[in-house]
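Notes for the one structure printed next.
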Amino acid sequence: MSAAIIDGKAYAAGLRGRIAGAVAGLAGQGVRPGLAVVLVGEDPASQIYVSNKARQTVETGMASFEHILPASTSEIELLRLVRRLNEDPSVDGILVQLPLPKHIDAQRVLEAIDPAKDVDGFHPINAGRLMTGVGGLVSCTPLGCLLLVRSVRPDLAGLNAVVLGRSNIVGKPMAQLLLAQSCTVTVAHSRTRDLPEICRRADILVAAVGRPEMVRGDWIKPGATVIDVGINRVPNPAAGEGKTKVVGDVAFQEAAAVAGAITPVPGGVGPMTIACLLRNTLEAACLRRGLPVPAVDAAA
Ligand code: GUN
């Protein structure tokens with residue numbers, strides 16, 4: 001292996017520490033940021049995410065409001081809760097956990113969230129602000145990816161960046177963030193031709209396709225920075241019958257032999273998402289009160 005391992009777990013812990021420091025500073029001014037998380041239904045993975053979010057919110061000194069609703073909740077009831085949270089002055093951030101049950105129109109719910117409290121950055125107003133480069137709240141996972149890239153390559157101007165995946169949650173906002181850093185950005189997806197060839201041009205490669213170990217070592221440009229957003233559970237017969245393990249979208253061992261720096265799975269991008277959610281909640285709390293936003297992104 002030649003690549004440096006980008007330790008997202010350690011970066012996220014440092015970021016949370018700086019957020020906790022800023023939150024303690026706000027407490028002196030009588031301000032306590034608050035994050036409301038809404039979960040509809042009993043999806044086990046979502047239950048774990050939501051309880052982790054609530055725990056880390058409290059650990060950084062913010063107020064956490066959990067709304068756990070049954071899968072039978074109607075769209076009208078959910079919209080009513082969102083409007084109530086929009087009006088609640090103790091709530092600075094609102095996150096509605098996805099996926100929502102099929103009978104609920106997720107887009108309608110996301111668009112009902114006050115853009116000033118949209119800490120997921122999914123509201124079209126915030127997506128549009130990112131595209132036009134006028135600030136606003138940015139989706140947590142791509143923001144975390146950018147912080148990790150910049151931890152190893154502070155200046156990205158002129159570099160070729162390839163984003164694999166075009167989702168609204170990761171691929172599209174990631175491309176916008178890299179463009180804002182003056183990268184030359186290519187967005188590749190399931191219909192892209194000559195994918196390995198396009199990836200081999202990437203100085204920065206972000207893989208967010210949800211296909212286990214799709215990106216092979218010979219797709220990587222020597223010295224490239226590789227960010228693996230994938231979290232794929234696959235069978236692991238070596239550990240015993242019926243056992244599973246989590247792998248990324250990148251074949252880690254092969255890629256690490258070629259790349260300059262790479263994120264592991266787990267322990268790379270994953271821990272950054274919640275840390276960036278807390279960062280966005282801090283930002284929303286300050287902006288809503290006309291306070292300066294503390295700089296927490298990079299270690300001083
Ligand atoms: N489900 C999976 N990832 C996310 C996320 O970043 N935000 C929300 N709201 N739901 C998710």
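The values are calculated or read from the model by the stated rules, or taken from the named source; none is laboratory data. Remember, it's a predicted structure, so these values are computed and weren't measured experimentally. Because the Cβ atoms are built from the backbone with ideal geometry, glycine has one as well, and the counts that use them run over all protein chains shown.
In this structure, does Gly121 turn out to be away from the ligand (no atom under 14 Å from the Cβ), in a loop (DSSP other than H, G, I, E, B) and in contact with a helix residue (DSSP H, G or I) (Cβ under 8 Å, 6 or more places away or on another chain)? Write out each step before concluding.
Numbers: away from the ligand (no atom under 14 Å from the Cβ): no; in a loop (DSSP other than H, G, I, E, B): yes; in contact with a helix residue (DSSP H, G or I) (Cβ under 8 Å, 6 or more places away or on another chain): yes.
It is false that Gly121 is away from the ligand (no atom under 14 Å from the Cβ), in a loop (DSSP other than H, G, I, E, B) and in contact with a helix residue (DSSP H, G or I) (Cβ under 8 Å, 6 or more places away or on another chain).
Which of the residues spanning region 22-58 are more than 14 Å from the ligand (Cβ to nearest atom), exposed (fewer than 14 other Cβ atoms within 10 Å of the Cβ) and part of a helix (DSSP H, G or I)? Correct list: Ala24, Gly25, Ala27, Arg55, Val58. Pairs linking a residue in region 91-102 that is closer than 16 Å to Glu42 by Cβ and assigned to a loop (DSSP other than H, G, I, E, B) to a residue that is acidic (Asp, Glu) and within 7 Å of the ligand (Cβ to nearest atom), with Cβ atoms under 9 Å and 6 or more positions apart or on different chains, are Leu98/Asp120.
In region 253-272, the residue that is farthest from the ligand (Cβ to nearest atom) out of those that are part of a helix (DSSP H, G or I) and buried (at least 24 other Cβ atoms within 10 Å of the Cβ) is Ala255.
Pairing each residue of region 261-279 that is among the polar types (S, T, N, Q) with any residue that is away from the ligand (no atom under 13 Å from the Cβ) and assigned to a loop (DSSP other than H, G, I, E, B), provided the two are 6+ apart or on different chains, yields C-beta distances under 9 Å for Thr263/Ile6; Thr263/Asp7; Thr263/Gly248.
Yes/no matrix, rows are residues, columns are (1) within 26 Å of Leu95 (Cβ to Cβ); (2) in contact with a Lys or Arg (Cβ under 6 Å, 6 or more places away or on another chain):
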residue	(1), (2)
Arg200	no, yes
Ile204	no, no
Arg211	no, no
Gly223	no, no
Pro235	no, no
Lys245	no, no
Val258	no, no
Gly267	yes, yes
Asn280	yes, no
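Set side by side, the residues Val149, Val162 differ, and just one is part of a strand (DSSP E or B) and either under 21 Å from Ala188 (Cβ atoms) or away from the ligand (no atom under 12 Å from the Cβ) (or both), which is Val162. Here is a check on your reading of the model: is Ala188 modelled with pLDDT of 95 or more, among the hydrophobic types (A, V, I, L, M, F, W, C), over 17 Å from the mean Cα position of the chain (by Cα) and surrounded by 18 or more Cβ atoms within 10 Å (Cβ to Cβ)? Here the answer is yes, as Ala188 does meet what is asked.
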